[in-house]
Amino acid sequence: MRVATIDIGTNTCLLLIADVTPDGALRVAYKEDRFTRLGQGVDGSKNLHPDAIERVMTALAAYKQQADTHGAEAAVIGATSASRDAANRHVLVDRARDELGLDYRVIAGEEEARLSFLGALSAFPDLDRAVVLDIGGGSTELITGRRTGDASQDGIEIEHRVSLDVGAVRLTERCFETIPPSAYHVVTARRTVTDALGTVPLDGRLPLLGASGTTRALAKLVHPDNPWQDVPTAEIHAWSKRLLTLAPDEVLALNPAAMEGRSDVFAAGVLILDLVCANGGFDAYRPSPRGLRYGLALDWARRHA
(Lines give C-alpha, C1' and ligand atoms only; values in the text may rest on other atoms or scores of the structure.)
Protein backbone atom coordinates (compact mmCIF):
# COMPACT_ATOMS: atom_id res chain seq x y z
CA MET A 1 0.00 0.00 0.00
CA ARG A 2 1.33 3.42 -0.95
CA VAL A 3 0.35 6.43 1.15
CA ALA A 4 1.34 10.10 1.29
CA THR A 5 1.55 11.64 4.75
CA ILE A 6 1.99 15.32 5.57
CA ASP A 7 3.21 16.55 8.96
CA ILE A 8 2.21 20.22 9.35
CA GLY A 9 4.08 21.65 12.30
CA THR A 10 4.77 25.11 13.63
CA ASN A 11 7.92 25.59 11.56
CA THR A 12 7.90 22.85 8.91
CA CYS A 13 5.61 21.08 6.48
CA LEU A 14 6.94 17.58 5.78
CA LEU A 15 5.89 15.13 3.07
CA LEU A 16 6.46 11.38 2.99
CA ILE A 17 5.31 9.04 0.23
CA ALA A 18 5.96 5.45 1.20
CA ASP A 19 5.02 1.84 0.56
CA VAL A 20 4.02 -0.01 3.72
CA THR A 21 3.89 -3.81 3.71
CA PRO A 22 1.45 -5.92 5.77
CA ASP A 23 4.23 -6.78 8.24
CA GLY A 24 4.89 -3.08 8.92
CA ALA A 25 7.99 -2.59 6.80
CA LEU A 26 8.22 0.84 5.24
CA ARG A 27 9.98 1.84 2.01
CA VAL A 28 10.33 5.51 1.13
CA ALA A 29 9.33 6.43 -2.44
CA TYR A 30 9.67 10.20 -2.04
CA LYS A 31 9.97 12.79 0.70
CA GLU A 32 10.25 16.56 0.86
CA ASP A 33 10.68 19.18 3.58
CA ARG A 34 9.51 22.80 3.46
CA PHE A 35 9.83 25.55 6.04
CA THR A 36 6.44 27.22 6.12
CA ARG A 37 6.54 28.76 9.67
CA LEU A 38 2.81 28.29 10.23
CA GLY A 39 3.34 29.33 13.85
CA GLN A 40 4.35 32.86 12.89
CA GLY A 41 2.95 35.03 15.70
CA VAL A 42 0.51 32.37 16.95
CA ASP A 43 1.85 32.45 20.51
CA GLY A 44 0.89 36.13 20.83
CA SER A 45 -2.14 36.51 18.55
CA LYS A 46 -3.68 32.99 18.86
CA ASN A 47 -4.39 33.22 15.12
CA LEU A 48 -2.69 31.97 11.97
CA HIS A 49 -1.08 34.80 10.01
CA PRO A 50 -2.43 35.21 6.44
CA ASP A 51 1.09 34.90 5.00
CA ALA A 52 1.65 31.67 6.93
CA ILE A 53 -1.63 30.26 5.63
CA GLU A 54 -0.55 31.01 2.06
CA ARG A 55 2.82 29.34 2.59
CA VAL A 56 1.16 26.17 3.86
CA MET A 57 -1.42 26.16 1.04
CA THR A 58 1.39 26.46 -1.52
CA ALA A 59 3.18 23.50 0.10
CA LEU A 60 -0.01 21.43 0.23
CA ALA A 61 -0.75 22.04 -3.45
CA ALA A 62 2.77 20.89 -4.37
CA TYR A 63 2.54 17.87 -2.07
CA LYS A 64 -0.82 16.81 -3.49
CA GLN A 65 0.69 16.90 -6.97
CA GLN A 66 3.58 14.71 -5.80
CA ALA A 67 1.13 12.28 -4.18
CA ASP A 68 -0.80 12.00 -7.43
CA THR A 69 2.37 11.65 -9.50
CA HIS A 70 3.67 8.85 -7.29
CA GLY A 71 0.35 6.99 -7.23
CA ALA A 72 -0.45 7.31 -3.53
CA GLU A 73 -3.73 5.68 -2.51
CA ALA A 74 -4.40 8.41 0.05
CA ALA A 75 -2.99 11.67 1.39
CA VAL A 76 -3.10 11.87 5.18
CA ILE A 77 -2.51 15.14 7.06
CA GLY A 78 -1.48 15.45 10.69
CA ALA A 79 -1.42 19.10 11.83
CA THR A 80 0.01 19.80 15.26
CA SER A 81 0.73 22.60 17.74
CA ALA A 82 0.19 25.79 15.72
CA SER A 83 -3.02 24.44 14.22
CA ARG A 84 -4.27 23.27 17.62
CA ASP A 85 -3.62 26.65 19.21
CA ALA A 86 -5.00 28.91 16.47
CA ALA A 87 -8.57 30.16 16.81
CA ASN A 88 -8.84 30.57 13.02
CA ARG A 89 -7.54 27.12 12.05
CA HIS A 90 -10.85 26.58 10.25
CA VAL A 91 -9.48 28.79 7.45
CA LEU A 92 -6.88 26.18 6.58
CA VAL A 93 -9.26 23.29 7.18
CA ASP A 94 -11.81 24.79 4.79
CA ARG A 95 -9.34 25.87 2.12
CA ALA A 96 -7.51 22.53 2.07
CA ARG A 97 -10.83 20.75 1.58
CA ASP A 98 -12.41 23.17 -0.90
CA GLU A 99 -9.36 23.99 -3.03
CA LEU A 100 -7.35 20.76 -2.86
CA GLY A 101 -9.75 18.05 -1.70
CA LEU A 102 -7.56 17.32 1.32
CA ASP A 103 -8.71 16.47 4.85
CA TYR A 104 -6.76 18.93 7.02
CA ARG A 105 -6.77 16.89 10.22
CA VAL A 106 -5.66 18.60 13.42
CA ILE A 107 -4.45 15.88 15.77
CA ALA A 108 -4.57 16.03 19.55
CA GLY A 109 -1.37 16.05 21.59
CA GLU A 110 -1.94 12.49 22.79
CA GLU A 111 -2.27 11.18 19.24
CA GLU A 112 0.76 13.20 18.12
CA ALA A 113 2.80 11.59 20.88
CA ARG A 114 1.69 8.06 19.95
CA LEU A 115 2.39 8.55 16.25
CA SER A 116 5.75 10.23 16.86
CA PHE A 117 6.79 7.37 19.12
CA LEU A 118 5.60 4.80 16.58
CA GLY A 119 7.55 6.49 13.79
CA ALA A 120 10.75 7.03 15.76
CA LEU A 121 10.89 3.52 17.22
CA SER A 122 10.32 1.93 13.81
CA ALA A 123 13.85 3.01 12.84
CA PHE A 124 15.35 0.93 15.68
CA PRO A 125 14.05 -2.67 15.59
CA ASP A 126 16.62 -3.63 18.23
CA LEU A 127 15.04 -1.39 20.88
CA ASP A 128 12.19 -2.65 23.04
CA ARG A 129 11.80 0.46 25.21
CA ALA A 130 12.81 4.08 24.81
CA VAL A 131 12.06 7.74 25.42
CA VAL A 132 11.25 9.76 22.32
CA LEU A 133 11.88 13.51 22.27
CA ASP A 134 10.21 15.58 19.56
CA ILE A 135 11.13 19.28 19.73
CA GLY A 136 8.68 21.08 17.52
CA GLY A 137 8.23 24.73 16.75
CA GLY A 138 5.30 25.19 19.10
CA SER A 139 5.55 22.34 21.58
CA THR A 140 7.90 19.62 22.78
CA GLU A 141 6.72 16.02 23.13
CA LEU A 142 8.29 13.55 25.55
CA ILE A 143 7.05 9.98 25.25
CA THR A 144 8.14 6.89 27.14
CA GLY A 145 6.95 3.61 25.69
CA ARG A 146 7.77 0.06 24.75
CA ARG A 147 7.33 -2.45 21.95
CA THR A 148 4.59 -5.04 22.55
CA GLY A 149 4.35 -6.96 19.30
CA ASP A 150 0.57 -6.51 19.22
CA ALA A 151 0.02 -5.52 15.59
CA SER A 152 -3.61 -4.57 16.25
CA GLN A 153 -2.37 -1.73 18.46
CA ASP A 154 0.59 -0.61 16.32
CA GLY A 155 2.85 -2.93 18.33
CA ILE A 156 3.59 -0.27 20.96
CA GLU A 157 2.40 0.78 24.39
CA ILE A 158 2.75 4.38 25.57
CA GLU A 159 3.70 4.37 29.25
CA HIS A 160 3.88 8.12 29.73
CA ARG A 161 3.61 11.20 27.55
CA VAL A 162 3.73 14.90 28.11
CA SER A 163 3.40 17.83 25.74
CA LEU A 164 5.30 20.92 26.89
CA ASP A 165 3.97 24.28 25.76
CA VAL A 166 7.43 25.30 24.57
CA GLY A 167 9.01 24.75 21.16
CA ALA A 168 11.81 26.36 19.20
CA VAL A 169 9.64 29.01 17.52
CA ARG A 170 7.44 29.70 20.55
CA LEU A 171 10.39 29.99 22.96
CA THR A 172 12.19 32.36 20.57
CA GLU A 173 9.15 34.59 20.12
CA ARG A 174 8.30 34.54 23.82
CA CYS A 175 11.73 35.07 25.37
CA PHE A 176 14.26 36.46 22.85
CA GLU A 177 13.85 40.13 21.97
CA THR A 178 17.04 39.98 19.90
CA ILE A 179 19.13 37.22 18.37
CA PRO A 180 21.56 36.51 19.83
CA PRO A 181 19.63 37.04 23.07
CA SER A 182 20.91 38.99 26.05
CA ALA A 183 22.09 37.14 29.14
CA TYR A 184 18.87 38.19 30.90
CA HIS A 185 16.70 36.70 28.16
CA VAL A 186 18.70 33.46 28.18
CA VAL A 187 17.98 33.15 31.91
CA THR A 188 14.30 33.83 31.21
CA ALA A 189 14.22 31.16 28.50
CA ARG A 190 15.95 28.60 30.71
CA ARG A 191 13.45 29.29 33.50
CA THR A 192 10.55 28.95 31.07
CA VAL A 193 11.72 25.52 29.90
CA THR A 194 12.62 24.35 33.42
CA ASP A 195 9.18 25.38 34.70
CA ALA A 196 7.53 23.55 31.78
CA LEU A 197 9.50 20.39 32.53
CA GLY A 198 8.45 20.57 36.17
CA THR A 199 8.32 17.05 37.57
CA VAL A 200 8.09 15.20 34.24
CA PRO A 201 9.15 11.60 34.99
CA LEU A 202 12.13 10.71 32.80
CA ASP A 203 14.36 7.66 33.10
CA GLY A 204 17.90 8.49 32.00
CA ARG A 205 18.74 4.79 31.88
CA LEU A 206 16.58 4.38 28.76
CA PRO A 207 17.75 5.29 25.25
CA LEU A 208 16.69 8.82 24.29
CA LEU A 209 15.65 9.10 20.63
CA GLY A 210 15.68 12.56 19.05
CA ALA A 211 12.88 12.59 16.48
CA SER A 212 12.95 16.18 15.28
CA GLY A 213 14.74 18.50 12.88
CA THR A 214 16.53 20.13 15.80
CA THR A 215 18.07 16.88 17.02
CA ARG A 216 19.04 15.75 13.52
CA ALA A 217 20.56 19.14 12.67
CA LEU A 218 22.64 19.23 15.85
CA ALA A 219 23.93 15.71 15.12
CA LYS A 220 25.18 16.98 11.76
CA LEU A 221 27.19 19.68 13.54
CA VAL A 222 28.64 17.29 16.11
CA HIS A 223 29.27 14.35 13.74
CA PRO A 224 29.46 15.80 10.20
CA ASP A 225 30.81 12.54 8.74
CA ASN A 226 28.26 10.27 10.44
CA PRO A 227 25.29 12.20 11.87
CA TRP A 228 23.49 9.08 13.08
CA GLN A 229 25.88 8.53 15.99
CA ASP A 230 24.84 9.23 19.57
CA VAL A 231 25.36 12.84 20.65
CA PRO A 232 26.79 13.13 24.20
CA THR A 233 25.20 15.60 26.59
CA ALA A 234 28.52 17.39 27.04
CA GLU A 235 28.44 18.25 23.32
CA ILE A 236 24.82 19.37 23.58
CA HIS A 237 25.61 21.72 26.44
CA ALA A 238 28.68 23.17 24.72
CA TRP A 239 26.78 23.78 21.50
CA SER A 240 23.87 25.31 23.37
CA LYS A 241 26.13 27.87 25.01
CA ARG A 242 27.81 28.67 21.69
CA LEU A 243 24.61 28.97 19.65
CA LEU A 244 23.14 31.45 22.13
CA THR A 245 25.94 33.87 21.23
CA LEU A 246 25.47 33.69 17.44
CA ALA A 247 23.36 35.72 15.03
CA PRO A 248 21.12 33.83 12.56
CA ASP A 249 23.53 34.31 9.65
CA GLU A 250 26.35 32.88 11.77
CA VAL A 251 24.21 29.86 12.67
CA LEU A 252 23.33 29.37 9.00
CA ALA A 253 27.02 29.44 8.05
CA LEU A 254 27.72 26.46 10.35
CA ASN A 255 25.91 24.13 7.94
CA PRO A 256 23.68 25.91 5.38
CA ALA A 257 21.83 22.74 4.37
CA ALA A 258 21.01 21.71 7.94
CA MET A 259 20.22 25.23 9.18
CA GLU A 260 18.05 26.41 6.31
CA GLY A 261 14.71 27.60 7.69
CA ARG A 262 15.72 27.15 11.32
CA SER A 263 18.76 29.38 11.89
CA ASP A 264 16.80 31.97 13.89
CA VAL A 265 15.16 29.42 16.21
CA PHE A 266 17.84 26.72 16.38
CA ALA A 267 19.46 28.04 19.57
CA ALA A 268 16.13 27.86 21.38
CA GLY A 269 15.60 24.28 20.18
CA VAL A 270 19.03 23.15 21.39
CA LEU A 271 18.44 24.92 24.71
CA ILE A 272 15.30 22.80 25.17
CA LEU A 273 17.28 19.67 24.28
CA ASP A 274 20.03 20.59 26.74
CA LEU A 275 17.60 21.08 29.61
CA VAL A 276 15.64 17.90 28.84
CA CYS A 277 18.86 15.87 28.99
CA ALA A 278 19.96 17.55 32.22
CA ASN A 279 16.55 17.12 33.83
CA GLY A 280 16.25 13.47 32.82
CA GLY A 281 19.82 12.45 33.55
CA PHE A 282 20.54 11.27 30.01
CA ASP A 283 24.13 10.75 28.90
CA ALA A 284 23.36 11.18 25.20
CA TYR A 285 20.62 11.04 22.60
CA ARG A 286 20.37 9.03 19.41
CA PRO A 287 19.05 10.92 16.36
CA SER A 288 16.16 9.12 14.70
CA PRO A 289 15.66 9.46 10.94
CA ARG A 290 11.91 8.96 11.46
CA GLY A 291 9.19 10.88 13.23
CA LEU A 292 5.53 11.83 13.01
CA ARG A 293 5.04 11.49 9.23
CA TYR A 294 6.37 7.91 9.41
CA GLY A 295 4.02 7.16 12.28
CA LEU A 296 1.13 8.52 10.22
CA ALA A 297 2.05 6.15 7.39
CA LEU A 298 2.35 3.08 9.62
CA ASP A 299 -0.89 3.91 11.39
CA TRP A 300 -2.77 4.40 8.10
CA ALA A 301 -1.47 1.10 6.73
CA ARG A 302 -2.56 -0.80 9.86
CA ARG A 303 -6.06 0.66 9.72
CA HIS A 304 -6.44 -0.08 5.99
CA ALA A 305 -4.77 -3.47 5.86
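Summary table below
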| item | result |
| --- | --- |
| Cα-centre dipole for the chain with unit charges at Cβ (Lys and Arg positive, Asp and Glu negative), debye to 20 | 60 debye |
| Prolate/oblate/rounded label for the stretch 231-287 (Cα gyration tensor, a/c 1.5) | prolate |
| Overall form of the stretch 1-160 per C-alpha gyration tensor (a/c, 1.5; a/b vs b/c) | oblate |
| Sum of side-chain charges, GLU157 neighbourhood, beta-carbon under 12 Å (Lys, Arg +1; Asp, Glu -1) | +1 |
| Choice from SER122, SER81, SER182 with maximal GNM fluctuation in the chain (Cα, 10 Å cutoff) | SER182 |
| Nearby lysines by direct alpha-carbon distance to LYS64 (threshold 24 angstrom, same-chain neighbours under 8 apart not counted) | LYS31 |
| Relative contact order of the chain, pairs being alpha-carbon contacts under 8 Å that are 6 or more residues apart, as % | 21 percent |
| Surface accessible to a 1.4 Å probe, LEU275 within the full protein complex, Å² | 20 Å² |
| Percent of beta bridges antiparallel (DSSP, the chain, rounded to nearest 5) | 75 percent |
| Value at 222 nm in deg cm²/dmol, rounded to 500, when DSSP H runs of n ≥ 4 in the chain each add -39,500 (n - 2.57) | -13000 deg cm²/dmol |
| Accessible surface of the chain [probe 1.4 Å, protein heavy atoms]: carbon and sulfur percent | 49 percent |
| Net charge of neighbours whose Cβ lies under 12 Å from the Cβ of ARG190, counting Lys and Arg as +1 and Asp and Glu as -1 | 0 |
| Label selected from [x] 23.2; [y] 20.8; [z] 19.3, the criterion being Kirkwood radius over Cα pairs in Å as computed here | [z] |
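The values are calculated or read from the model by the stated rules, or taken from the named source; none is laboratory data. Since we're looking at a predicted model, the values are computed, not measured. FYI the Cβ positions are ideal-geometry reconstructions off the backbone, even for glycines, and counts take in every protein chain you see. These accessible areas exclude ligands, DNA and RNA; they are computed on the full protein's heavy atoms, side chains included. Shrake-Rupley method; radii C 1.70, N 1.55, O 1.52, S 1.80 Å.
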